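S.K.: Right, I'll just put the structure down here and ask away after.
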Amino acid sequence: ACTGIENIDEAITLLEQNNWDLVAAINGVIPQENGILQSEYGGETSQGPAYGPTSHSTAASSSPSSSSAFRHVVPSRQIVERQPRMLDFRVEYRDRNVDVVLEDSSTVGEIKRILENELQIPASKMLLKGWKTGDVDDSTVLKTLHLPKNNSLYVLTPDLPPSSSSHSGALQESLNQNFMLIVTHREAQREYNLNFSGSSTIQEVKRNVYDLTSIPVRHQLWEGWPPSATDDSMTLAVSGVSFPCHRLTVGRRSSPVQTREQSEEQCTDVHMVSDSDGDDFEDATEFGVDDGEMFGVASSALRKSPMMPENAENEGDALLQFTAEFSSRYGDCHPVYFIGSLEAAFQEAFYGKARDRKLLAIYLHHDDSVLTNVFCSQMLCAESIVSYLSQNFITWAWDMTKEANRARFLTMCTRHFGSVVAQTIRTQKTDQFPLFLIIMGKRSSNEVLNVIQGNTTVDELMMRLMAAMEIFSAQQQEDIKDEDEREARENVKREQDEAYRISLEADRAKREAQEREIAEQFRLEQIRKEQEEEREAIRLSLEQSLPPEPKEESTESVSKLRIRTPSGEFFERRFLASSKLQVVFDFVASKGYPWEEYKLLGTFPRRDVTQLDPNKSLLEVKLYPQETLFLEAKE
């Protein structure tokens, strides 16, 4: 997060070179533009914690050598202009990678024109994809897309046929290889073993060597590069360096104006000024501070619009103007300020899930402080600081220049942090601004972990941010553990409640099923009883309607029938031969065997009597003088 180094081998190499001293390793690789001052004469790093005007009494007591050194450190009045922001693009097309570096004021069309020369593809045939904000057109200015420094894009050419060749395959293989560059630092007599992928450029190698040797790229004097390596934008794969190892030598380009001994003497004079004055004073022009700021002239006098309106109705509108004015003064590479009230910032930072919580950083700006321009341009806008803040902090800002805004913030501070913190901020002098407050949310209150004053360096600011992050991470892990345990308990309770609900529903369903079964049985029993009663009534009615059984000594022709039931029982009865067959059917039904359910079968020959005409007499159907019949249930 501090250095942007993602190669683990390179990181381990740097740590070994610094005897595994993490702070020393980070100090050695943070680029100069992030705020570390690199001496032009000895490669030493000079850092000053405080900046401010020099008193007349101290200046008067300085020795002549000190005055000479002072004139060398602080040159004549300079107008510091903000350098344009450079954007790096890694563009992938089929088996090639093209690195493009442009100012943020360029357009998308200019990228296509560069790619047209590199890839030999008409710009009109290209579709440039990979933008975080969606598709853009050729006239879009890069600055309006709010891009990070490093970007990855890819080119599509749907109108062009795919190409394949042995050369492109070999080039792709070289791009995927890792090259070991053995770089010897001539002055220090040290040797570095650096691993780079084949897609790395010569410029990237030189920048990494600058991080290790403190020799700026423009002052590096190289030996050992192949004759084909004529452009710093070339990749190692096509530069002609030997695989897998290649030896190089680097040294500092000598200056024609002064010798090394003179530069060391002048550096000594600079330290003598600092020691004799008793103040931590540095060359503020290298930080972007002009002479007026160095001698107490407030930079706010030269600015037209304030950072924040004095009587804004709500904090969100005030923060919108603050962000716009900050961007116009110091560029678009700055922390992303939370737009909203301080309470809303608390809600965003502290009151989500434990895994999503962040620290709250409150930046207190003051235009009348001599340190403001240095802190904003060199520290707060350093890419490493911006990246670290965006990943781990919610950043909220306020302008303390106007008295009304100052009083308003102190009231908010008292309400949220207590009177002690408010009194601490109230007693801060103007020259101690800007302030950077690191806030951590706790269960019952909000704790101020750190108050960082403006007289700091990028190194110290990063270290203090990381220290606060370590404290927060430990607390966050406890909160995550508590939250996980609470969620686990709640999940168990929910599961138990769900199981109990399901059990209740199952019991209720079972009970309802039993009730329905009992009701159905009762209904069927009622129907059965009704049917039996109905059958019994029919049987009785038929029994009563039967003609009397003729006697044996009757003078009329009598037929004697013997009927066998399905259970094996027999019953007999005499009928007049002239009686209709229906009378036999009624007799059988009166015994509980209705002819709708049973059929009456004869024996010899076997026949179904129930199929005969019931209106015929027994004599006609040949059931005379006697016959044995048996009953059989119908299917």
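S.K.: At 7 Å along the Cα-to-beta-carbon direction for both PHE522 and GLN177, put a label point, then send me their distance in nm to one decimal.
M.R.: In this crude spin-label approximation the distance works out to 9.4 nm.
S.K.: Where the accessible area of the stretch 558-633 is counted over protein heavy atoms with a 1.4 Å probe, how much of it, in %, is carbon and sulfur?
M.R.: 49
S.K.: Follow-up question, since we're still on this one. Quick one: accessible surface of SER152, probe radius 1.4 Å, all protein chains present, in square angstrom to the nearest 10.
M.R.: The value for SER152 is about 80 Å².
S.K.: Quote the FRET efficiency, to the nearest 0.05, computed for GLU103 versus ALA407 with a Förster distance R0 of 56 Å and r equal to the Cβ-Cβ distance. Could you put the intermediate results ahead of the total?
M.R.: On the way: r = 42 Å, r/R0 = 0.76.
It comes out at approximately 0.85.
S.K.: Count the net charge of all other residues whose Cβ sits under 11 Å from the Cβ of GLU315, scoring Lys and Arg as +1 and Asp and Glu as -1.
M.R.: Net charge around GLU315: -2.
S.K.: Viscosity 1.002 mPa s, temperature 20 °C: what is the translational diffusion coefficient of the stretch 515-635 from Stokes-Einstein with a Kirkwood Rh over Cα pairs, rounded to a whole number of µm²/s?
M.R.: On the way: Rh = 15.7 Å.
So the translational diffusion coefficient is about 136 µm²/s.
S.K.: Let me cross-check LYS634: its accessible surface, 1.4 Å probe, with only protein heavy atoms counted, in Å² to the nearest 10?
M.R.: Approximately 80 Å² of LYS634 is accessible to the 1.4 Å probe.
S.K.: So, one more: In what sequence, highest mean first, do 494-502, 242-250 appear when ranked by Cβ atoms within 10 angstrom?
M.R.: 242-250, 494-502
S.K.: Still on this structure: On a full-extension model of 0.36 nm per residue, what is the gain between GLU620 and ARG207, subtracting their alpha-carbon distance, rounded to one decimal in nm?
M.R.: 135.7 nm
S.K.: Return one whole number: the accessible area per residue of the stretch 372-460 in Å², for a 1.4 Å probe.
M.R.: 37
S.K.: Heavy atoms only, probe 1.4 Å: what % of the accessible area of the stretch 316-455 goes to carbon and sulfur, would you let me know?
M.R.: Carbon and sulfur: 48 percent of the exposed surface of the stretch 316-455.
S.K.: While we're on this one: Suppose every Lys and Arg Cβ carries +1 and every Asp and Glu Cβ carries -1, with no other charges. What dipole size does the stretch 86-156 come out with about its Cα centre, to the nearest 20 debye?
M.R.: It works out to roughly 160 debye.
S.K.: Continuing with this model, one more query. Suppose R0 equals 41 Å. What FRET efficiency, 1/(1 + (r/R0)^6) with r the Cβ-Cβ distance, do ARG562 and GLU515 give to the nearest 0.05?
M.R.: 0.20
S.K.: Residue separation times 0.36 nm, minus the C-alpha to C-alpha distance between ALA188 and GLU572: what's the value?
M.R.: Numbers: separation 384, 0.36 × 384 = 138.24 nm, distance 13.74 nm.
Stretched fully, the ALA188-GLU572 segment lengthens by 124.5 nm.
S.K.: If you don't mind, another one. Considering Cα pairs under 8 angstrom that are at least six residues apart, work out the relative contact order of the stretch 490-635 and quote it in whole percent.
M.R.: It rounds to 24 percent for the stretch 490-635.
S.K.: How long are the semi-axes of the equivalent ellipsoid of the stretch 167-252, defined as square roots of 5 times the Cα gyration tensor eigenvalues? Whole Å, largest first.
M.R.: After scaling each eigenvalue by five and taking roots: 23, 12, 11 Å.
S.K.: By how many nm would the segment from ARG247 to GLN17 lengthen if fully extended, with 0.36 nm per residue of separation less the alpha-carbon distance?
M.R.: 80.9 nm
S.K.: Karplus couplings for the stretch 345-350 from phi (6.51 cos²θ - 1.76 cosθ + 1.60, θ = phi - 60°), rounded to Hz, Gly and Pro as x?
M.R.: For the stretch 345-350, the Karplus curve yields 5, 4, 4, 5, 7, 10 Hz.
S.K.: Can you sort LEU119, LEU612, LEU364 by 1.4 Å-probe accessible area, starting with the largest?
M.R.: Per-residue accessible area, sorted high to low, gives LEU612, LEU119, LEU364.
S.K.: Using amide H atoms built 1.01 Å from N in the peptide plane, name the residues 5+ places from LEU600, or on other chains, whose amide H lies under 5 Å from its own.
M.R.: When sequence neighbours closer than 5 places are left aside, the close amide H contacts are VAL609, THR610.
S.K.: Ranked from highest to lowest mean number of other Cβ atoms within 10 Å per residue, what is the order of the peptides 521-531, 578-588, 336-346?
M.R.: 578-588, 336-346, 521-531
S.K.: With labels modelled as points extended 7 Å from the Cα through the Cβ direction, what inter-label distance (nm, one decimal) is found for LYS481 paired with GLU552?
M.R.: 11.0
S.K.: Related question: Mind checking which lysines have their Cα closer than 26 Å to the Cα of LYS591? Skip sequence neighbours fewer than 8 apart in that chain.
M.R.: Qualifying lysines at Cα under 26 Å: LYS529, LYS551, LYS560, LYS580, LYS599, LYS616, LYS622, LYS634.
S.K.: Which order do the peptides 398-410, 533-545 come out in when sorted by mean C-beta neighbours inside 10 angstrom, highest first?
M.R.: Descending packing order for the listed peptides: 398-410, 533-545.
S.K.: Over the stretch 487-535, average the accessible area per residue using a 1.4 Å probe and give it in Å², no decimals.
M.R.: Accessible surface, normalised per residue, equals 93 Å².
S.K.: Leaving out same-chain residues fewer than 8 places away, which lysines sit with a Cα under 29 Å from that of LYS143?
M.R.: LYS112, LYS125, LYS129, LYS132, LYS206, LYS304, LYS358
The values are calculated or read from the model by the stated rules, or taken from the named source; none is laboratory data. If you're wondering where the values come from, they're calculated on a predicted model, not measured in any experiment. Heads up, the Cβs are rebuilt from the backbone with ideal geometry, glycines too, and the neighbour counts pull from every protein chain shown. Heads up: the accessible areas ignore ligands, DNA and RNA and are worked out on the full protein's heavy atoms, side chains in. Shrake-Rupley method; radii C 1.70, N 1.55, O 1.52, S 1.80 Å.
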